[in-house]
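Since the structure comes first, as structure tokens, the remarks are kept for the end.
The values are calculated or read from the model by the stated rules, or taken from the named source; none is laboratory data. Since we're looking at a predicted model, the values are computed, not measured. Every residue, glycine among them, receives a Cβ derived from its backbone with ideal geometry; neighbour counts consider all protein chains shown. Remember, those area values only see protein heavy atoms, side chains included, never the ligands or the DNA or RNA. Shrake-Rupley method; radii C 1.70, N 1.55, O 1.52, S 1.80 Å.
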Amino acid sequence: MDNGDGGHRRNSPVTLNVGGHLYTTTLSTLQRYPDSMLGAMFRGDFPTTKDSKGNYFIDRDGTLFRYILNFLRTSELTLPSDFSEKDLLRKEADFYQIEPLIECLQDPKPLYPPDIFEQIVELSSTRKLSKYSNPVAVIITQLTVTAKAHSLREGICKNFTKWSKHMMDTRDCQVSFTFGPCDYHQEVNLRVHLMDYIMKQGFTIRNTRVHHMSERANENTVEHHWTFCRPARIVVD
């Protein structure tokens with residue numbers, strides 16, 4: 001940067017032409033990170049290029065520079081939820097040598113160490129409801145626990161004998177309970193006890209969701225799902 005440009009006050013506006021896109025900001029924003037390329041550029045450490053209108057020219061991706069500039073303004077990286085050019089943005093951050101931004105764009109650390117994995121338990125409640133009865137009548141309701149953890153399924157079979165007459169086949173990593181019209185209310189009681197039992201085994205609720213379906217003309221189906229998870233250590237034989 002020539003000596004005349006060195007007289008800019010830190011809050012004076014500066015216009016950049018980045019790959020044909022014009023951006024106006026302040027000198028203080030561009031120098032937020034003094035060790036970056038932009039900090040060195042506007043400190044006068046190396047020559048600059050200007051376009052025909054006197055704007056500072058940088059031959060880089062002009063579209064992605066908006067994220068670079070916003071980071072300089074706020075020190076926070078904010079990207080759209082559907083942003084798909086993180087690899088390109090990482091290259092731009094590397095070019096401008098903005099270390100805090102480079103760190104933000106690095107691949108996230110794994111949730112668990114390499115010898116730890118996440119066990120998942122799914123709890124689902126399915127109710128078939130009559131469309132035309134008033135009040136609404138429950139035709140049948142089913143409660144299903146899906147888990148690869150054999151000890152959890154075995155514990156449910158041993159600790160929930162009160163509902164054993166409702167217990168269905170336990171194949172395919174599942175334990176299911178079915179209730180008819182007369183005793184559907186027991187499903188709620190069992191569900192509360194099952195959720196408490198699962199969480200006492202070290203699982204925490206990850207998410208819940210509700211799904212409504214209409215399979216037949218005279219009935220509706222309502223499904224509730226709960227996902228639980230816990231860390232577990234990988235056992236090497």
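Report, by residue number, each residue of the stretch 100-115 that is surrounded by 12 or more Cβ atoms within 10 Å (Cβ to Cβ) and either among the small types (Gly, Ala, Ser) or at pLDDT 85 or above (or both). Break it down into steps so the answer makes sense when it comes.
Residues of the stretch 100-115 that are surrounded by 12 or more Cβ atoms within 10 Å (Cβ to Cβ), as a first pass: 100-102, 104-105, 112.
Those that are surrounded by 12 or more Cβ atoms within 10 Å (Cβ to Cβ) and either among the small types (Gly, Ala, Ser) or at pLDDT 85 or above (or both): Pro100, Leu101, Ile102, Cys104, Leu105.
Phe71 meets each of the listed conditions (1) at negative phi; (2) out of contact with any Pro (no Cβ under 9 Å at 6 or more places or on another chain) apart from (2). If we scan the stretch 72-80, do we find a residue that is out of contact with any helix residue (DSSP H, G or I) (no Cβ under 9 Å at 6 or more places or on another chain), under 28 Å from Thr204 (Cα atoms) and not in a loop (DSSP other than H, G, I, E, B)? So far as the stretch 72-80 goes, no, none of its residues is out of contact with any helix residue (DSSP H, G or I) (no Cβ under 9 Å at 6 or more places or on another chain), under 28 Å from Thr204 (Cα atoms) and not in a loop (DSSP other than H, G, I, E, B). Checked against (1) in a strand (DSSP E or B); (2) farther than 30 Å from Gly180 by Cα; (3) hydrophobic (A, V, I, L, M, F, W, C); (4) more than 23 Å from the chain's Cα centre (by Cα), Ile140 passes all but a single condition, namely (2).
Residue check: is Gly44 open to solvent by less than 60 Å² (accessible area, probe 1.4 Å), in contact (Cβ under 8 Å) with a residue 40 or more places away in the chain and not aliphatic (A, V, I, L, M)? Working first, answer last.
Values: open to solvent by less than 60 Å² (accessible area, probe 1.4 Å): yes; in contact (Cβ under 8 Å) with a residue 40 or more places away in the chain: yes; not aliphatic (A, V, I, L, M): yes.
When the stated conditions are applied, Gly44 passes them.
Mind listing whichever residues of the stretch 32-65 are of a type in the set (S, T, N, Q) and at pLDDT below 90? First the steps, then the outcome.
Keep residues of the stretch 32-65 that are of a type in the set (S, T, N, Q), which gives 36, 48-49, 52, 55, 63.
If the condition is that a residue be of a type in the set (S, T, N, Q) and at pLDDT below 90, then Thr48 is the only one that fits.
Please work out if Val121 is modelled with pLDDT under 90 and of a type in the set (A, V, I, L, M). In short, no.
Going by what's in this entry, would Thr63 be described as touching a residue at least 12 places away in the same chain (Cβ under 8 Å), more than 24 Å from the chain's Cα centre (by Cα), under 30 Å from Val175 (Cα atoms) and not in a helix (DSSP H, G or I)? Considered against the rule, which asks whether it is touching a residue at least 12 places away in the same chain (Cβ under 8 Å), more than 24 Å from the chain's Cα centre (by Cα), under 30 Å from Val175 (Cα atoms) and not in a helix (DSSP H, G or I), Thr63 comes out as no. Pairs meeting the criteria (first residue in the stretch 171-188 and more than 23 Å from Ala149 (Cβ to Cβ), second residue crowded, with 17+ Cβ neighbours inside 10 Å and of a type in the set (Asp, Glu), beta carbons under 8 Å, at least 6 apart or on different chains) are Phe179/Glu187. Scanning the stretch 74-98 for residues that are exposed (fewer than 12 other Cβ atoms within 10 Å of the Cβ) and either under 14 Å from Arg32 (Cα atoms) or β-branched (Val, Ile, Thr) (or both) turns up Thr74, Glu76, Thr78. Is the stretch 95-116 home to any residue that is in contact with a Leu (Cβ under 7 Å, 6 or more places away or on another chain) and assigned to a loop (DSSP other than H, G, I, E, B)? Among the residues of the stretch 95-116, not one is in contact with a Leu (Cβ under 7 Å, 6 or more places away or on another chain) and assigned to a loop (DSSP other than H, G, I, E, B), which makes the answer no. Residues that are among the hydroxyl-bearing types (Ser, Thr, Tyr), exposed (fewer than 14 other Cβ atoms within 10 Å of the Cβ) and under 19 Å from His193 (Cα atoms) within the stretch 121-180 comprise Ser151, Thr161, Ser164, listed in sequence order.
Do we find that Phe117 is closer than 23 Å to Arg206 by Cβ, among the aromatic types (Phe, Trp, Tyr) and under 28 Å from the mean Cα position of the chain (by Cα) in this structure? Considered against the rule, which asks whether it is closer than 23 Å to Arg206 by Cβ, among the aromatic types (Phe, Trp, Tyr) and under 28 Å from the mean Cα position of the chain (by Cα), Phe117 comes out as yes.
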